[in-house]
1. Cβ contacts < 6 Å: first residue in a helix (DSSP H, G or I), restricted to region 51-68; second residue at pLDDT below 95 and of a type in the set (S, T, N, Q), any location; separation 6+ or different chain. Result?
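The values are calculated or read from the model by the stated rules, or taken from the named source; none is laboratory data. What you see is a predicted model, and the numbers here were worked out from it, not measured in a lab. Please note: Cβ atoms are built from the backbone with ideal geometry, for glycine as well, and neighbour counts cover all protein chains shown.
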Amino acid sequence: MAKKAKKQTARGRKQDRARVAGRQHFEVRYEAKKSGKSAASVTKAVKKVGNSRKRVERRLGSAMKKSLGTA
């Protein structure tokens with residue numbers, strides 16, 4: 001009798017979406033377009049705070065607020 005296939009989960013996909021690959025140009029471009037920042041600033045944020053998407057977005061958001069003059 002054939003072995004039953006395992007049910008696939010979305011867990012790996014969620015973990016992948018929670019990260020920003022700083023060396024993947026398409027991910028850096030996507031995050032830059034989404035935040036309205038340059039690709040260099042996204043790469044810099046990834047190096048500074050790590051590859052967690054939440055932390056990178058928070059870092060880019062705070063930089064945007066500083067440039068607008070709001071805290």
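1. Filtered contacts from region 51-68: L60/S35.
Quick grid of which residues meet (1) surrounded by 10 or more Cβ atoms within 10 Å (Cβ to Cβ); (2) over 12 Å from the mean Cα position of the chain (by Cα); (3) modelled with pLDDT under 90:
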| residue | (1), (2), (3) |
| --- | --- |
| A2 | no, yes, yes |
| K7 | no, yes, yes |
| R13 | yes, yes, yes |
| A32 | yes, no, no |
| A45 | yes, no, no |
| R53 | yes, no, no |
| R58 | yes, no, no |
